[in-house]
Structure formats: C-alpha cells, structure tokens
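Heads up, the thing below is written out as structure tokens.
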Ligand SMILES: Nc1nc2c(c(=O)[nH]1)N[C@H]1C(S)=C(S)[C@@H](COP(=O)(O)OP(=O)(O)OC[C@H]3O[C@@H](n4cnc5c(N)ncnc54)[C@H](O)[C@@H]3O)O[C@H]1N2
Ligand code: MOO
C-alpha cells in the first residue's frame, strides 16, 4: 500500500464522527464543533466607549456634568449638544453622545466646568471617534466559526463573548496506549542490554493534540496471552500499540489480531521509516461500538511516522475535526528519497523553505527534536527548489 493510500484508508474507515455531546466552554477545549458557532448577540452588544475620557455631544467646548459613566452600568443620557460626561473604556455610550474625547486630548477647566478639545494629531474630535459601534465585530446570527473547527483557547474566548455557556461538540475518541517490549526501562540509564521507553512519554501529548482523550498508557509484556487480554479488555475506541509489528520471535501483534478476528485495513506501508505500521478494525463491542487498533512500529521515529500517517487522520475524523490543510514548502537543498518508498523526513522550516536535519535514522529522535515538521518525500527524492508537502508534527 502506498503512503497516500494508507493515510486515506485511515480517514475513510470512519463513516461518521463520534456522537455529539454538549460541554461547558472549559471542557470543550480540543473538541471539534458539531455545528457552526453562530453569534447569539451583536458584538459589541451596544455602542461602547473605546477610551477613558469624556462622552461628548456635538463639537466642543462642552459643559461637563453628572457622574462618570462606568463599564457595566446600564445606560446614561447626554441631554443637550455641547455637554459631556466622564466615561470609562468599555462603558455603554450615553444616548445623545456623538464621540469620545480621550482623557489626554481634553483640557478640563474645573472652575467653569468646561472641557476643551486639545486633540493635535488627529484634529478636533469628529463624530464617531473612539466609539466601538454596536455590531462592529458581528451581528447576531452571523456564523463566526464553521462546524468541524477545533475549539482552541481563542474559540473559547470568542464563544464566551458571543454569549455561549456550552458548546455542541463531538465526543473525543478514547485512546489507550499499550507499550510493548520487555527490553524497555521506565527510569534510569540504559543497562544490561535494555533501553529506555521513549514512546510512553512522547506519544500521549501528540495523541491528545490529534483530539484523543488518552485514558492511559501502560506497558504490556511480550506475551501473547497478556497482549490478547489487554486488547480485548481495553475500553478505548482506538487502541494504540507500539512495537511488535514486525516478525521477530516475540512480536505477537499479528497473532493477537488474527485470534481476535480483527480485520486488517492497513498491514505495512511503502514508507520509510515506519513500513510495518498497521491499522485494524477490532470486532464490535457487545453494545455495537466499533473499535480500532493502530500498531506503531517500535523504532521511535518509525512510531512517529505511524502516528502522523494512521493515528492522526483516524483520530481527527473520529473526533469530527476538519482535515488539516496540506502545506507545501520549497526545499532549500535536495531532500533525499528512497528508491521506491515515500520517506518522511524531519525538517526545519525557515521563510517558506525546508531543510532536512541530521540524525534522522528510524531509531533516532535527535533530528526530530529540532524539527518543525515531517516532509513527505516521494520516491526518488525532491530536488532543490522544488516543493514538498510538510506535515506539522502534532503538538510542535
Ligand atoms: N527481518 C526484518 N526485521 C525487521 C524489519 C524487517 O522488515 N525485516 N523491519 C524493521 C523495521 S523497519 C522496524 S520499524 C522494526 C519494527 O519492529 P517492531 O514494531 O516489531 O518493534 P520491536 O521489534 O519491538 O522494536 C524495534 C526496535 O525499537 C525499539 N523500541 C521498541 N519500543 C520502544 C520504545 N517504546 N522506546 C524506545 N525504543 C523502542 C526496540 O528496542 C527495538 O530496538 O523492525 C525491524 N526489523
Ligand atoms: O520502519 Mo523501520 O522504521 O524503517 O525502522
């Protein structure tokens, strides 16, 4: 299977995104909007002073009277032309006011109660100056953000400003990470032929940034029975495993999937690194829920390749997120390719150009740690000056 076919299969195996739920604004972070975010009010909701100063009616000088109008007060009124009242930024503009004179542009004669316009740069205060008119940003009913957009902190803020307490979003796919390999250590220095687990710390934040609700990450010993049990009992929508994809003496993933009656949708991909990556549909749960398994190869950079190729598109589709916009960038120097397979190469991006990084072997993370993304290098490579697709590594 080509790399493009594998990525498309991971998307297409999802018929419908997960069901719609409502969440408080705080809890909606990272979910995909199930419907467009439509303004429930005009913004600003009323004519508002943009500056601290005076609300003025007509041209100056003005007679100042009345208590300062503060933000949060209901309303005030300027009865006549030639009058003014002190006002705070964010306060509702009094009816009858035609402009706001900034504090630093006015000279107030306390004795006579008279205010003079001393504006220099912009000239005398003109009607509308320093007023944020009602509806300047949006009108009630206007679509602010399309459905399938991710709820970011900015979307949370905008939704609050536009009057929302809760949002309709898609449920996030539940993911459990199973890290396989008896040779792995969870602390200390590599020793006695054993190495540190690099994927347990690295993958959960990436999977979360693809929209997953990662409920756990645990080690499973290289044992067919234990792996079978872990996969069978996992409550996850998507089980993500690392290691055991190849045909080594203790690689039990294929046997486990076969025993479980799983359907292999992707079983090895023409990509370097990461070619043994796989995607399987597990038999449905008793309540009819579809479960899937993404098998990431054990070599750390190969696992990252599997994450961006299979896990990210699958999780984004399940969570109802729009597909990421492809981004193409110019190669500053040739990007070396594989003769037959696609290569995913850690690259640094500068001014719309990408450059490959050293230490890009399948078992290495040193290049990736400096990377802005992974360039998709077609068979044969990319000559200098030509463009290549660059996938942002999630979370980078
Ligand atoms: N005869 C062949 N052998 C291998 C092939 C092949 O085509 N023919 N493919 C190689 C490629 S490519 C990869 S990638 C690996 C995939 O192997 P597995 O998915 O079965 O992974 P393991 O054998 O368990 O581990 C491979 C390697 O990665 C290290 N590892 C595993 N998990 C972790 C982790 N969490 N953190 C850090 N390092 C990890 C493990 O110690 C091994 O060194 O197979 C090749 N072999
Ligand atoms: O998939 Mo392997 O990555 O070439 O190490």
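The values are calculated or read from the model by the stated rules, or taken from the named source; none is laboratory data. Predicted model, so just to flag it, every value in this text is computed and none were measured. Every residue, glycine as well, gets a Cβ built from its backbone with ideal geometry; the counts of neighbours run over all protein chains shown.
Set side by side, the residues 178, 189 differ, and just one is touching a strand residue (DSSP E or B) at 6+ places or on another chain (Cβ under 9 Å), touching a residue at least 12 places away in the same chain (Cβ under 8 Å), farther than 16 Å from residue 41 by Cβ and away from ligand 2 (no atom under 16 Å from the Cβ), which is 178.
A single entry from 132, 118 fulfils the requirement of being over 30 Å from residue 230 (Cα atoms), free of Cβ contacts under 8 Å to residues at least 40 places away in the same chain and touching a strand residue (DSSP E or B) at 6+ places or on another chain (Cβ under 7 Å): 118. Evaluation of residue 298 against the conditions (1) in contact (Cβ under 8 Å) with a residue 24 or more places away in the chain; (2) outside any strand (DSSP E or B); (3) under 28 Å from residue 31 (Cβ atoms); (4) touching a strand residue (DSSP E or B) at 6+ places or on another chain (Cβ under 8 Å) shows that the sole unmet condition is (3). Considering (1) more than 24 Å from residue 232 (Cβ to Cβ); (2) away from ligand 2 (no atom under 16 Å from the Cβ); (3) outside any loop (DSSP other than H, G, I, E, B), the lone condition that residue 324 does not fulfil carries the number (3). Just a yes or no: is a residue in region 242-252 within 30 Å of residue 20 (Cβ to Cβ), within 16 Å of ligand 2 (Cβ to nearest atom) and outside any helix (DSSP H, G or I)? No: zero hits.
Quick one: count up the residues across region 341-366 that are in contact (Cβ under 8 Å) with a residue 40 or more places away in the chain and in a loop (DSSP other than H, G, I, E, B). Outline the logic, then answer.
We begin by selecting, within region 341-366, every residue in contact (Cβ under 8 Å) with a residue 40 or more places away in the chain; these are 341-344, 346-347, 349, 360-365.
If we keep only those that are in a loop (DSSP other than H, G, I, E, B) too, we end up with 341, 360-365.
Within region 341-366, residues that are in contact (Cβ under 8 Å) with a residue 40 or more places away in the chain and in a loop (DSSP other than H, G, I, E, B) number 7.
Given the criterion crowded, with 18+ Cβ neighbours inside 10 Å, within 30 Å of residue 149 (Cβ to Cβ) and more than 16 Å from ligand 2 (Cβ to nearest atom), identify the matching residue among 279, 296, 257, 315.
Matching residue, one of 279, 296, 257, 315: 315.
When residue 374 is tested against (1) over 29 Å from residue 171 (Cα atoms); (2) modelled with pLDDT of 95 or more; (3) not assigned by TED's automatic domain parsing to the domain that holds residue 195, only condition (1) is not met. Scanning region 338-364 for residues that are surrounded by 20 or more Cβ atoms within 10 Å (Cβ to Cβ) and within 16 Å of ligand 2 (Cβ to nearest atom) gives 342, 343, 344, 345, 346, 360. Among the residues of region 192-206, are any surrounded by 17 or more Cβ atoms within 10 Å (Cβ to Cβ), more than 16 Å from ligand 2 (Cβ to nearest atom), closer than 30 Å to residue 22 by Cβ and in contact (Cβ under 8 Å) with a residue 24 or more places away in the chain? Looking for residues that are surrounded by 17 or more Cβ atoms within 10 Å (Cβ to Cβ), more than 16 Å from ligand 2 (Cβ to nearest atom), closer than 30 Å to residue 22 by Cβ and in contact (Cβ under 8 Å) with a residue 24 or more places away in the chain, one finds at least one in region 192-206, hence yes. Restricted to region 207-230, and to residues there that are under 30 Å from residue 171 (Cβ atoms) and free of Cβ contacts under 8 Å to residues at least 12 places away in the same chain, the residue that is surrounded by the most Cβ atoms within 10 Å (Cβ to Cβ) is 226. Scanning region 301-312 for residues that are touching a residue at least 40 places away in the same chain (Cβ under 8 Å) and either crowded, with 24+ Cβ neighbours inside 10 Å or under 20 Å from residue 252 (Cβ atoms) (or both) turns up 301, 302, 303, 304, 305, 307, 309, 310, 311, 312. Within region 1-36, the only residue that satisfies the criterion of being within 17 Å of the chain's Cα centre (by Cα) and free of Cβ contacts under 8 Å to residues at least 60 places away in the same chain is 27.
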